[in-house]
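Below is one structure; the comments refer to it alone.
The values are calculated or read from the model by the stated rules, or taken from the named source; none is laboratory data. Just so it is clear, the model here is predicted, and its values are computed rather than measured. Here the Cβ positions follow ideal geometry from the backbone for every residue, glycine too, while neighbour counts run over all protein chains shown. Heavy atoms of the whole protein, side chains included, go into the accessibility calculation; ligands, DNA and RNA do not. Shrake-Rupley method; radii C 1.70, N 1.55, O 1.52, S 1.80 Å.
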Amino acid sequence: VIGGGLMGSGITQVAAQTGHRVTLVDLDQNILDQSTARINKSLQRVAKKKFPEDVEGAKSFMENTMGAISTATSAGSVVEGTDLIIEAIVENMAVKHKLFQELDATAPQNVIFTSNTSSLSIAEIAEVTTRKDRFGGLHFFNPVPVMKLLEVVKTNETSPETLSTLLAFGKDMGKVAIECSDTPGFVVNRLLVPHLAEAVRMLERGVATAKDIDTAMKLGAGHPMGPFQLADYVGLDTTLFILQGWHEKYPEVELFNPPESLKQLVSEGKLGNKSGEGFYKH
């Protein structure tokens, strides 16, 4: 697993919990230390739930899971002995290309490459490699230990063997894996992000307040969170970043047009829950 952020550490934890040996890679040793501490803390909560009365069972679970995790500051040193690489680094095509070019030169031919990207094209990421048939998307959701869904993304060149291996891996990790094509946002974000943007446009037109739109979608459509609550939770900067990327690539799709008030809030540093204010004050 490459990238020691929230997603990378979550993927590492769940893979180790389900009996896989995992190496978490990040250039920064401090980030790896923080990730390991985060995984340890998260596992303690899991152990308490899983073994409420069994101290020895909890201890053994912790030791076995943490024992399955190792860390490294260079991917080159560990790709020799791996079957699968999951990239979970910054959402920047040039940075991903640089990483996968380097990995492609050193990883054995049987190693399957995947990206956890939520908004970039898998085929475009795979372009710089010589193993397009062994390249797919594994899009996990945050927080990884809690969210059951895994989108397994196939390009036109992903082989049936690679696809079935990735679907089986998702199942082994205790996820509900769905198969989808390599289109903008795959399934969830392709429906969700335009929905959030459309809610913002509705607010801009003065149709209803953010609070009333949220109430309407919760009570009228059965959504657990309204679009403004959800946008604040996801991060307004993240939502805007995805929309801007799609808008640049597909300018003719009106749904991908970033709303002005969303751009305004982000420019003011109002990013949602993480900054204390977005559409709501937190």
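Residue pairs whose Cβ atoms lie under 9 Å apart, sitting 6 or more positions apart in sequence or on different chains, and linking a residue in the stretch 102-119 that is closer than 30 Å to THR238 by Cα to a partner that is in a helix (DSSP H, G or I) and among the small types (Gly, Ala, Ser), are GLU102/ALA75; GLU102/GLY76; LEU103/ALA75; LEU103/GLY76; PHE113/ALA126; SER115/ALA126; ASN116/GLY8; SER119/GLY245.
If you go through the stretch 223-235 one residue at a time, do you hit one that is modelled with pLDDT of 95 or more and exposed (fewer than 15 other Cβ atoms within 10 Å of the Cβ)? Yes: the stretch 223-235 contains one or more residues that are modelled with pLDDT of 95 or more and exposed (fewer than 15 other Cβ atoms within 10 Å of the Cβ). Scanning the stretch 236-264 for residues that are among the polar types (S, T, N, Q), open to solvent by 60 Å² or more (accessible area, probe 1.4 Å) and either within 24 Å of the chain's Cα centre (by Cα) or more than 15 Å from VAL200 (Cβ to Cβ) (or both) turns up GLN244, ASN257. Number of residues in the stretch 240-262 that are more than 21 Å from LEU120 (Cβ to Cβ) and either in contact with a Phe, Trp or Tyr (Cβ under 9 Å, 6 or more places away or on another chain) or not in a loop (DSSP other than H, G, I, E, B) (or both): the value is 3. If you go through the stretch 22-54 and keep only what is in a helix (DSSP H, G or I), among the aliphatic types (A, V, I, L, M) and surrounded by 13 or more Cβ atoms within 10 Å (Cβ to Cβ), you end up with ILE31, LEU32, ILE39, LEU43, VAL46, ALA47.
Flag set for THR183, criterion: within 30 Å of LEU166 (Cβ to Cβ) and not in a helix (DSSP H, G or I). Scanning the stretch 72-117 for residues that are hydroxyl-bearing (Ser, Thr, Tyr) and either in contact with a His (Cβ under 6 Å, 6 or more places away or on another chain) or surrounded by fewer than 16 Cβ atoms within 10 Å (Cβ to Cβ) (or both) yields THR73, SER74, SER77, THR106. If we keep just the residues of the stretch 133-147 that are more than 20 Å from GLN13 (Cβ to Cβ) and not in a strand (DSSP E or B), which is least open to solvent (accessible area, probe 1.4 Å)? Checked the stretch 133-147; the qualifying residue least open to solvent (accessible area, probe 1.4 Å) is ARG134. Evaluated against (1) under 25 Å from PHE141 (Cβ atoms); (2) outside any loop (DSSP other than H, G, I, E, B); (3) aliphatic (A, V, I, L, M); (4) free of Cβ contacts under 8 Å to residues at least 40 places away in the same chain, MET202 falls short on exactly one condition, (1).
Checked across the stretch 113-129, the condition of being aromatic (Phe, Trp, Tyr), more than 27 Å from LEU191 (Cα to Cα) and not in a loop (DSSP other than H, G, I, E, B) holds for no residue.
Across the stretch 214-259, the number of residues qualifying as under 24 Å from THR117 (Cα atoms), free of Cβ contacts under 8 Å to residues at least 12 places away in the same chain and touching a Pro at 6+ places or on another chain (Cβ under 9 Å) comes to 2.
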